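S.K.: I have a structure I would like to understand better, so I am pasting it below and will then ask my questions one at a time.
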Amino acid sequence: ARPTVSIRVVSHNVEKDVSGDRAFDKAVSVAEAMNADIIALQEVCPKQFKSFFEGHRGWKIWYVPQAHSTKNGCLDPGAPTGHDNPLVVIAFTGLNATTTTHDLTGKPDTPGGGMVCVHFTRDGVPVDACSVHLVADDEDLRRQEVIGIRAIAKSWISQGHFVVVAGDFNANPHRDEM
């Protein structure tokens, strides 16, 4: 019989909430309260990431930039454009993990398309957990992102890994591209 693995995951799109960081702080508080193993966050502003990282030094925290446009950026008067690119973040509360980032579109300057993953072993089972934020307004591009996620996950699953992909998919599960 295949071993079972228990993983606690919190995923939330904090929607670039820099006006008091309510959504960001709530997501982190919930993760801490439930003793989450994985925290997958989307649309995290760099200043939020910096405070998150500094406040959780024992955690392994990684990110991938999300968009390359001021339209989707975080307000930051110190940035060259007055905005900063939001981030897709994954945090692992344990030890001995590695990470990978994946460009799902093959077009690094395309908004969306990023996936950041943490890899670790739980109870002897390899675990791959990822945070994604798929593009909202282009079904063809979102379909390409989903195909990329499936190919990566299928590779891990075929090796006996437990795989978690969390995030903002910008589509309902019944949509064709999903």
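S.K.: Would you point out the residue of the stretch 60-71, among those that are open to solvent by less than 50 Å² (accessible area, probe 1.4 Å) and in contact with a strand residue (DSSP E or B) (Cβ under 8 Å, 6 or more places away or on another chain), that is modelled with the lowest pLDDT?
M.R.: Filtering first and then ranking leaves GLN66.
S.K.: Looking only at the stretch 46-56, count every residue that is among the aromatic types (Phe, Trp, Tyr) and open to solvent by 60 Å² or more (accessible area, probe 1.4 Å) and tell me the total.
M.R.: Number of matching residues: 1.
S.K.: Moving on to the next point. Cβ-Cβ under 7 Å, sequence separation 6+ or interchain: first residue in the stretch 125-145 and touching a residue at least 24 places away in the same chain (Cβ under 8 Å), partner open to solvent by 10 Å² or more (accessible area, probe 1.4 Å) and assigned to a helix (DSSP H, G or I). Which pairs?
M.R.: ASP128/TRP156; VAL132/ILE149; VAL135/LEU141
S.K.: When only residues in the stretch 28-45 that are modelled with pLDDT of 85 or more and part of a helix (DSSP H, G or I) count, which is surrounded by the most Cβ atoms within 10 Å (Cβ to Cβ)?
M.R.: The residue in question is ALA31.
S.K.: Any idea which residue in the stretch 114-127 is surrounded by the most Cβ atoms within 10 Å (Cβ to Cβ), counting only those that are among the aliphatic types (A, V, I, L, M) and at pLDDT 90 or above?
M.R.: Out of the qualifying residues, it is VAL118.
S.K.: Of all residues in the stretch 128-159, how many are open to solvent by less than 30 Å² (accessible area, probe 1.4 Å) and either assigned to a loop (DSSP other than H, G, I, E, B) or out of contact with any strand residue (DSSP E or B) (no Cβ under 8 Å at 6 or more places or on another chain) (or both)?
M.R.: 5
S.K.: Here's a follow-up. Out of everything in the stretch 83-113 that is out of contact with any helix residue (DSSP H, G or I) (no Cβ under 9 Å at 6 or more places or on another chain) and open to solvent by less than 40 Å² (accessible area, probe 1.4 Å), what residue ends up being modelled with the highest pLDDT?
M.R.: Result: ALA97.
The values are calculated or read from the model by the stated rules, or taken from the named source; none is laboratory data. Computed from a predicted model, the values in this text were never measured in an experiment. As a convention, Cβ positions derive from the backbone with ideal geometry for all residues, glycine included, and neighbour counts pool all protein chains shown. Ligands, DNA and RNA are stripped out before the accessible areas are found, and what is left, the full protein with its side chains, is counted by its heavy atoms. Shrake-Rupley method; radii C 1.70, N 1.55, O 1.52, S 1.80 Å.
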